[in-house]
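One structure below.
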Ligand code: OKP
Ligand code: ZN
């Protein structure tokens, strides 16, 4: 399968608040370079660059005002004399009227974020846009008849909602690609999210829609980020009722129980009779991941890819999480190679 990659990801690197202090983010440029090196070493297939895409592809799933905010946030922040990363520090929470967008950048940063985990610096928008374009370019390969493609996106996207950034995410690459697939003729799409963290953003975007089934396997939100979504009783709303499937699992989950949840999700996907599958491929389910709590081995990712191939659908893999352990490249590529071997 082809891999789509943009070197522009390096324009984005930031900080995060960890254990009460500001540190370099776990979501850093070496991640994508490590995965790219493994792709090249594996002989998976050709690596190509992204095609620039229409802005309307982003506003097909995000609000116009949110995309405009992402475009201008850094210059508004810099205009106040600050030179370090822009981060929100106040959010509209329970009991506050949230409808009105503030005018000052410090208010707008909170209005459009779930947390302080998506810093905005001078190169952020260019990298974010390139990451979405990587996903769109890979989806175009699927629309053109490819059986599978790998969008090596960075920054990731699955925590980004209709008009919310957070958890290292800005534009929701997987959702943008899924919508693009629909706009290019697919009748139904399934999104399978195997990142350790619940894909709250993808759920938010498609929660009221029956054409996109969202299925996510993740750390139980009682104990794991993002804490405020990902429970099994979140099943969709209105016409989307029954088209959202969450599989929260406890810390320490290994392949045995993970595989049961994956099989359940794949049954749901089969019943959806989708024309294509988008996989939010986070490899932070790995036992040695520094911020996550499942116990998958590198071999388990081969098995995961094999099972996903069993769905028998044109499949777009979109890179999400997986943090700096040497194995993130091996684990991502194992999933893709397992898929290729089984299809
Ligand atoms: C992004 B992705 C918990 C800190 C959580 C944010 C994690 C974002 C994960 N100690 N910080 O889904 O891999
Ligand atoms: Zn994650």
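Read-outs: derived from the displayed coordinates by stated rules, not from any lab. Computed from a predicted model, the values in this text were never measured in an experiment. Virtual Cβ from ideal backbone geometry, glycine too; neighbours counted across all protein chains shown.
Helix 64-79 versus the longest principal axis of the chain: what is the Cα-based angle in degrees, 0 to 90, to the nearest 10?
Around 50 degrees separate the two axes.
Would you mind getting me the FRET efficiency between residue 287 and residue 40? Use the beta-carbon distance for r and R0 = 35 Å, nearest 0.05. Can you show the working numbers first?
Values: r = 25 Å, r/R0 = 0.72.
Once rounded, the FRET efficiency stands at 0.90.
Taking only Cα atoms and a 10 Å spring cutoff, compute GNM fluctuations for the chain and point out the largest among 119, 97, 24.
Evaluated over the chain, the most mobile residue of the options is 97.
Using Cβ counts within 10 Å as a stand-in for footprinting exposure, how do 13, 162 rank, fewest first?
Details: 13 19, 162 15.
The order, fewest Cβ neighbours first, is 162, 13.
Using a 10 angstrom cutoff on alpha carbons, build the Gaussian network for the chain and name the most mobile of 152, 266, 281.
266
How do 295-306, 37-48, 172-183, 329-340 rank on mean C-beta neighbours within 10 Å, highest first?
172-183, 329-340, 295-306, 37-48
For the pair residue 23 and residue 326, what calculated FRET efficiency results from E = 1/(1 + (r/R0)^6), where r is the Cβ-Cβ distance and R0 = 22 Å, to the nearest 0.05?
0.60
Hey, in the GNM for the chain with a 10 angstrom Cα cutoff, which one of 104, 159, 62 fluctuates hardest?
In the Gaussian network model the winner is 104.
Roughly speaking, what is the centre-to-centre gap between region 81-114 and region 276-297 when only Cα atoms are used, to the nearest Å?
One Cα centre to the other: 30 Å.
Which FRET efficiency value, to the nearest 0.05, do you get for residue 188 and residue 223 by plugging their Cβ-Cβ distance into 1/(1 + (r/R0)^6) with R0 = 35 Å? Let's see the in-between values first.
Working: r = 33 Å, r/R0 = 0.94.
That gives a FRET efficiency of 0.60.
Quick one: of the DSSP bridges fully inside the chain, what percent are antiparallel, nearest 5?
Working: 7 of 39 bridges.
Percentage antiparallel, nearest 5: 20.
Restricting the calculation to Cα positions, tell me the Rg (one decimal) and the Dmax (whole number) of region 291-343 in Å.
Both quantities, over Cα of region 291-343: 11.3, 32 Å.
What is the helix-to-structure angle for 328-342, meaning the angle in degrees between its Cα long axis and the longest Cα principal axis of the chain, kept from 0 to 90 and rounded to the nearest 10?
40
How would 57, 169 line up from fewest to most surrounding beta-carbon atoms within 10 angstrom? Could you put the intermediate results ahead of the total?
On the way: 57 20, 169 30.
Exposure proxy ranking, most exposed first: 57, 169.
Return a whole-number percent for the relative contact order of region 243-342, with Cα pairs under 8 Å and 6 or more residues apart as the contact set.
Numbers: 145 pairs, mean separation 32.7, N = 100.
Reported relative contact order: 33 percent.
Which values, in whole Å and largest first, are the semi-axes of the equivalent ellipsoid of region 41-183 obtained as the square root of 5 times each eigenvalue of the Cα gyration tensor? The partial results should precede the final answer.
Numbers: eigenvalues 184, 53, 32 Å².
Value: 30, 16, 13 Å, ordered largest first.
Hey, got the Cα dimensions of region 155-230 along the principal axes, in Å, largest first?
39, 20, 19
What is the angle, in °, between the Cα long axis of helix 124-143 and the longest principal axis of the Cα atoms in the chain? Nearest 10 is fine, range 0 to 90.
30
Sorted from largest down, give the three principal axis spans of the alpha carbons of region 193-234, whole angstrom values.
On the principal axes, region 193-234 reaches 30, 17, 15 Å in Cα extent.
Report the relative contact order of the chain, percent, no decimals, based on alpha-carbon pairs under 8 angstrom and at least 6 residues apart. Intermediate results must be reported in sequence, preceding the final value.
Details: 800 pairs, mean separation 62.8, N = 343.
For the chain, the relative contact order is 18 percent.
Before anything else, pin down the relative contact order of region 193-312: Cα pairs under 8 Å, at least 6 apart, normalised by residue count, whole percent.
So the answer I get is 27 percent.
Can you give me the Cα centroid spacing of region 6-34 and region 213-236 in angstrom?
25
How long are the three semi-axes of the equivalent ellipsoid for region 216-343, computed from the Cα gyration tensor as the root of 5 times each eigenvalue, in whole Å, largest first?
Values: eigenvalues 98, 80, 28 Å².
Its equivalent ellipsoid spans semi-axes of 22, 20, 12 Å.
State the dimensionless ratio Rg/Rh of region 140-288 (Rg: radius of gyration of Cα atoms; Rh: Kirkwood radius). List each step's numbers first, then the result.
Values: Rg = 14.3 Å, Rh = 15.3 Å.
Reported Rg/Rh, Kirkwood definition of Rh: 0.94.
First check a/c for region 131-186, with a ≥ b ≥ c the square roots of the eigenvalues of its C-alpha gyration tensor; if it is under 1.5, answer rounded, and if not, answer prolate when a/b is larger than b/c or oblate otherwise.
On the way: a/c = 3.29, a/b = 1.74, b/c = 1.89.
Oblate is the answer for region 131-186, as a/c is 1.5 or above yet b/c matches or exceeds a/b.
When the Kirkwood hydrodynamic radius is evaluated over all pairs of different C-alpha atoms of the chain, what value in angstrom, to one decimal, is obtained? Display every interim value, and only then the final one.
Numbers: mean 1/r = 0.0509 Å⁻¹.
19.6 Å is the Kirkwood radius here.
Is region 7-46 best put as rounded, prolate or oblate by its Cα gyration tensor, with a ≥ b ≥ c the root eigenvalues, rounded for a/c under 1.5, and otherwise prolate when a/b is larger than b/c, oblate when not?
Details: a/c = 5.99, a/b = 2.61, b/c = 2.30.
It is prolate, given that a/c is not under 1.5 and a/b is the larger ratio.
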